[in-house]
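Please treat every number below as a calculation from the coordinates, not as lab data. Everything numeric in this text was worked out from a predicted model, so none of it was measured. Cβ atoms come from the backbone with ideal geometry, glycine included; neighbour counts cover every protein chain shown.
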Amino acid sequence: MTAQREWFEKDYYAILGVQKDAPAKDITKAYRKLARENHPDAKPGDAAAEERFKEISAAYDVLSDDEKRREYDEVRRLGPMGGAGGGMGGMRFTVGGDTGSFEDLFRMFGGGKGRGGAGRGGVGPRRGSDLEAQLMLEFTEAALGATTTVHLTSDDRCGTCSGSGAHPGSSARTCPACSGRGQVDDNQGFFSFASPCTRCGGRGTVIDDPCKTCRGTGIERRNREVKVRVPAGVSNGQRIRLAGKGTPGTNGGPAGDLFIVCHVTAHTLFGRDGDNLTVKVPITFFEATLGADIDVPTLEGDRVTLRLKPGTQSGTRHRVKGRGIATTKTKGDLIVTVEVSVPTDLDDAQRTAVEAVARAIPADPRAHLFGQGG
């Protein structure tokens, strides 16, 4: 690990807006929020936002790596002048009870050099940015699972040079300014701080004949299609993570991830309660009164038989085991709510028949409301 000069100058915790003892998950959460807000795609042409995005990425690159974070914290704790007085040649510091020279400090972190020493390391690999895309799903697709395609416009590996940055048929060469180290030394008297080579941008190589498509960056912005396998049971608003489908990394770093936000449309018959499917089924007065076996639709397109007991009340819920939404972990049920359907257009014969039934069953369902009992 190379202790860069900016470690002394920049407070990465403040840049991400987190406490120094913040857990890794809080650091990642803060980074993703800030990266989305300041990404060049979100604020095209905003130089300040672009610079802010670079700072955020640099801070996350260090704080997201346990080893880099430990070394960064130690450098910040000691400060650029170590921990004790004396001339430059007599600077001392203490780490874990052991006392050493300021030169030992930089040797410990691999950064800079004393007299006759040599620095090492350039700009390290940088992870690509995460992306987010929206996906509209039919209710049945979300419940049963589906394979579909998402169309998006984003940075991607250049299709012309395959990400090398060099014109097809040519290749990069070792940077003459840093001899392939990716960094140069900035002499500060007794010490020398390492900083990325401006000639090659810290990559250690230069491209004499850059690719015309990506202009030597290895990355181009283009339309692309990403195949998405939607697992069964996806709910509205759920995010699906596609590892490595974000923007490509730089200097050999891994690509970011693509997060698919699912939006599920409503179904004409079915609803959802967790992993349970819900459906309302109308029944007749006589089916409710006498009991009956009724057919109930399922999401798969077939039907199941539900047995109603005599005296079934309108609005009651009945459970059909295992005919809900099946995920990799659970399998829900089908919850059937029955509702008595009341006829609205009777002919004379039908009205006479219903009146006869009413006379035969003279019960008053509202009697208890008035304290009459019965």
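Quick one: which of LYS10/LYS54; LYS10/LYS68; LYS25/LYS329; LYS54/LYS245; LYS25/LYS68 span more than 18 angstrom between C-alpha atoms? The pairs that break the limit, which is 18 Å between Cα atoms, are LYS25/LYS329; LYS54/LYS245.
Can you work out the FRET efficiency for the pair SER171 and GLU138, with r the C-beta to C-beta distance and R0 = 51 Å, to the nearest 0.05? Please list the in-between numbers first.
Working: r = 49 Å, r/R0 = 0.96.
Working from the Cβ atoms, E equals 0.55.
Ranking of VAL304, VAL264 by neighbouring Cβ atoms within 10 Å, starting from the fewest: VAL304, VAL264. Under 5 Å from the amide H of THR316 lie the amide H atoms of VAL338, each residue being 5 or more positions distant or on a separate chain, with H modelled from the backbone and absent for Pro and chain starts.
Segment 116-266 has equivalent-ellipsoid semi-axes of 43, 19, 9 Å, by the square roots of 5 times the alpha carbon gyration tensor eigenvalues, sorted largest first. Note on GLU355 and ALA146: with the Förster distance fixed at 35 Å, the Cβ-Cβ geometry gives a FRET efficiency of about 0.05. Taking the number of Cβ atoms within 10 Å of each Cβ as an exposure proxy, the fewest-first ranking of ASP273, ASP347 is ASP347, ASP273. Listed by chain and number, the aspartates and glutamates placed with their C-alpha closer than 15 angstrom to that of LYS29 are ASP21, GLU37, ASP61, ASP65, ASP130, GLU132, ASP257; residues fewer than eight positions away on the same chain are left out. Extending 7 Å from Cα along the Cβ direction at ASN251 and again at LEU269 yields two label points whose distance is 5.9 nm.
Annotation: extensible slack from HIS368 through THR330 equals 9.3 nm (criterion: 0.36 nm per residue apart, minus Cα-Cα distance).
Within straight-line reach of LYS309, meaning a Cα separation under 25 Å, sit the following lysines at least 8 residues removed in sequence or on another chain: LYS280, LYS321. In summary, the aspartates and glutamates within cross-link reach of LYS331, defined as a Cα separation below 19 angstrom excluding same-chain residues under 8 places away, comprise GLU141, ASP273, ASP275, GLU300, ASP302.
Label-to-label distance for ALA48 and VAL296 is 6.1 nm, based on points extended 7 Å past Cα in the beta-carbon direction.
Note on segment 8-70: with charges restricted to the Cβ of Lys and Arg (+1) and Asp and Glu (-1), its dipole about the Cα centre is near 240 debye. Give the distance, in whole Å, between the Cα centre of segment 198-261 and the Cα centre of segment 297-374. When both Cα centres are located, 56 Å separates them.
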